[in-house]
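The values are calculated or read from the model by the stated rules, or taken from the named source; none is laboratory data. Note that the structure is a prediction, hence the values are computed from the model and not measured. So basically every Cβ, Gly included, is an ideal-geometry build from the backbone, and we count neighbours across all protein chains shown.
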Ligand SMILES: [Mg+2]
């Protein structure tokens with residue numbers, strides 16, 4: 001059996017990078033994106049803000065205590081989706097098989113390409129293309145599996161690349177802290193620290209049975225990841241199958257009328273988007289006649305909405 005070549009690509013502080021692309025005066029400044037209410041958390045922050053100890057998922061209040069001079073932005077999901085789509089299109093054009101793991105993260109299976117192109121060279125060219133065509137910084141990790149490549153990307157950031165050659169995976173992981181393993185959350189992290197396990201090297205040497213006793217079934221996966229074993233395949237990306245809208249309230253509410261109105265409004269907007277998309281599919285499949293109907297219907301709907 002031949003070894004796999006798995007590439008992990010991740011846009012650097014994606015939301016922040018999009019904001020800077022839209023407004024270049026924000027470049028190089030400490031930026032926080034997220035809600036400012038009591039419950040607000042940091043969804044994304046610039047590297048300048050990270051220097052003050054801020055990280056994503058931190059309560060906004062705490063972030064502001066650490067970095068009071070930071071500029072706060074509410075975030076704009078519509079443009080993040082738009083730019084995510086732009087990057088996806090660039091990758092889809094060149095990639096043999098790819099998985100979109102999140103709004104700003106991709107896995108590609110490049111197995112078998114080495115003989116012809118050289119995977120690292122190919123990946124570097126794709127990265128340059130993304131940077132040039134989207135204007136957004138992106139980093140990658142390349143290795144034999146998803147776990148090692150994802151950790152490689154986090155080591156490469158910001159704006160860098162990491163290649164872990166076949167056979168060097170364990171050496172690469174060994175000195176890193178256990179928190180670097182994807183999927184190790186706060187609880188697991190605390191427990192491992194309590195057990196005195198700080199580096200991936202130490203974790204990799206603990207008997208599987210002991211880890212299974214402490215963590216249940218995930219204990220085995222944890223051991224495997226620490227030992228650079230990850231057979232998970234790339235799950236090819238398919239067109240979006242669902243659409244949704246959501247809204248988080250600043251404070252809890254019992255105002256049923258307000259909620260009803262909001263719900264209706266959201267359903268209205270959503271059905272508008274769904275209708276647009278569906279007629280677009282018709283248009284692709286059935287040609288100019290449908291296109292005319294589509295335009296007609298859209299105009300009618302727009303009129304109705306005004
Ligand atoms: Mg990212």
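To keep it simple, each residue is scored yes or no on (1) in contact (Cβ under 8 Å) with a residue 40 or more places away in the chain; (2) within 30 Å of residue 61 (Cβ to Cβ).
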| residue | (1), (2) |
| --- | --- |
| 74 | yes, yes |
| 77 | no, yes |
| 96 | no, no |
| 108 | yes, no |
| 112 | yes, no |
| 121 | no, no |
| 128 | no, no |
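From the list 158, 175, 236, pick out the single residue that is modelled with pLDDT of 95 or more and surrounded by fewer than 15 Cβ atoms within 10 Å (Cβ to Cβ).
Step by step, each of 158, 175, 236 is checked, and only 175 is modelled with pLDDT of 95 or more and surrounded by fewer than 15 Cβ atoms within 10 Å (Cβ to Cβ).
Which residue pairs have Cβ atoms under 7 Å apart, sit 6 or more places apart or on different chains, and have a first residue in the range 162-178 that is touching a residue at least 60 places away in the same chain (Cβ under 8 Å) and a second that is surrounded by 14 or more Cβ atoms within 10 Å (Cβ to Cβ)?
166/144
Within the range 1-49, restricting attention to residues that are in a strand (DSSP E or B) and within 30 Å of residue 113 (Cβ to Cβ), which residue is farthest from the ligand (Cβ to nearest atom)?
Here the answer is 6.
Just one of (1) within 16 Å of the ligand (Cβ to nearest atom); (2) in contact (Cβ under 8 Å) with a residue 24 or more places away in the chain; (3) exposed (fewer than 12 other Cβ atoms within 10 Å of the Cβ) trips up residue 57, so point out which.
Here residue 57 clears every test but (2).
State which residue is nearest to residue 152 (Cα to Cα) when the search covers only the range 91-131 and only residues that are part of a helix (DSSP H, G or I) and within 16 Å of the ligand (Cβ to nearest atom).
Checking each candidate, the answer is 127.
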